[in-house]
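Structure first, commentary second.
The values are calculated or read from the model by the stated rules, or taken from the named source; none is laboratory data. Model, not experiment: these values are computed from the prediction. Cβ: placed from backbone, ideal geometry, glycine included. Neighbour counts: every protein chain shown.
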Amino acid sequence: MKLYWKCVLWGAVGFAQISVASAQRSLIWQEKPGSWLLNTGVGLTRYAGDMNEWGDLAHLRLGTALNAAAAYRFTYRVSFRAEAQLYYIYGSQRYTRIDYNNLSFRSLNPDLWAGLQIDFRRVDDRYRFSIPYAFAGAGFTYMTPRAIYKGRSYNLASLRTEGVAYNRLPVIVRYGLGLPVLAGDGFKLHLEGAYTHVMSDYLDDVSTVYPSRKGMSELAAALSDRRPEKGGSPNSAGAQRGNSQKRDGYLTVSGRLIFVLSTKAQRNYRRSFGG
């Protein structure tokens, strides 16, 4: 019986060593400098701005995101990365401390950014399977805030609900962390979390104060101040509508499938490890 359990133990150890060695070998040839990697992902988003409260976990308002990226590895720890994304976000003052103001928005926006990805350790490290990494960069997003009013969707930016024509193509700054969770022959699966600072406070069409309704169309006035829809009196011109001291942003958590483009250098490097 003792011999049986010894065989089982040594068999398990041998299987684990072979599995780890195989995974490490895949990572080594995949991540050689000069590699091109293409990836696509899907994830969840959460808007951060004037219409939500971070501590309110009971009323999370999550959106979705689709993204695609390309990366070029310069060294064993540094890659250049460019990415395009389509993300949906929404927010509402419902269940917040200013529920009575009744503002809300939803938005389907594209963004584009480029920057650097830095691995915490060399990706050819034989003793590490999942090597975490950080990334940061800058780009642009196009803001399209809309609101539902009497069963119809309206473009808020064109209505100038705060009496200003704001820039709808602001700069963004993105940073985040990633972790490989699975590696195969020519592909990997990563989990990533990223936060995007928007260099604008109008991602949600809310920033400063309620404007004077003089000269505004009936529709613009109704969507600028939605308090009367809940039976309240209209806000006075100049009353606080948003927080202009803090810019907006959004959080994205995604799963990403990464494909490694085979090159001559990779094939030669792979054969040197007996692959």
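Mind checking which residues of region 145-186 are under 29 Å from Gly238 (Cβ atoms), surrounded by fewer than 17 Cβ atoms within 10 Å (Cβ to Cβ) and of a type in the set (Val, Ile, Thr)?
Ile148, Val164
Based on what the data block shows, is Tyr76 hydroxyl-bearing (Ser, Thr, Tyr) and either without any contact (Cβ under 8 Å) to a residue 24 or more places away in the chain or over 17 Å from Asn39 (Cα atoms) (or both)? Before the answer, list the steps.
Values: hydroxyl-bearing (Ser, Thr, Tyr): yes; either without any contact (Cβ under 8 Å) to a residue 24 or more places away in the chain or over 17 Å from Asn39 (Cα atoms) (or both): yes.
Yes: the conditions hold for Tyr76.
Across region 242-271, which residue is farthest from the chain's Cα centre (by Cα) among those that are at pLDDT below 95 and in a loop (DSSP other than H, G, I, E, B)?
Only one residue tops the list, namely Thr263.
Can you tell me which residues in region 144-165 are under 20 Å from Tyr88 (Cβ atoms), basic (Lys, Arg) and touching a residue at least 24 places away in the same chain (Cβ under 8 Å)?
Correct list: Arg146 only.
Looking for whichever is surrounded by fewer than 18 Cβ atoms within 10 Å (Cβ to Cβ) and either in contact with an Asp or Glu (Cβ under 8 Å, 6 or more places away or on another chain) or among the acidic types (Asp, Glu) (or both) here; the options are Tyr87, Tyr76. Which one fits?
After applying the criteria, what remains is Tyr76.
Being touching a residue at least 60 places away in the same chain (Cβ under 8 Å) and of a type in the set (Lys, Arg) is the filter here; which residues of region 167-223 pass it?
Arg174, Lys188
Please verify whether region 206-213 includes one or more residues that are buried (at least 19 other Cβ atoms within 10 Å of the Cβ) and under 30 Å from Val253 (Cα atoms). Explain how you work it out, then say what you get.
In the first step, residues of region 206-213 are kept if they are buried (at least 19 other Cβ atoms within 10 Å of the Cβ); the result is 206-207, 210-211.
Checking the rest, the ones that are also under 30 Å from Val253 (Cα atoms) come to 206-207.
Among the residues of region 206-213, at least one is buried (at least 19 other Cβ atoms within 10 Å of the Cβ) and under 30 Å from Val253 (Cα atoms), which makes the answer yes.
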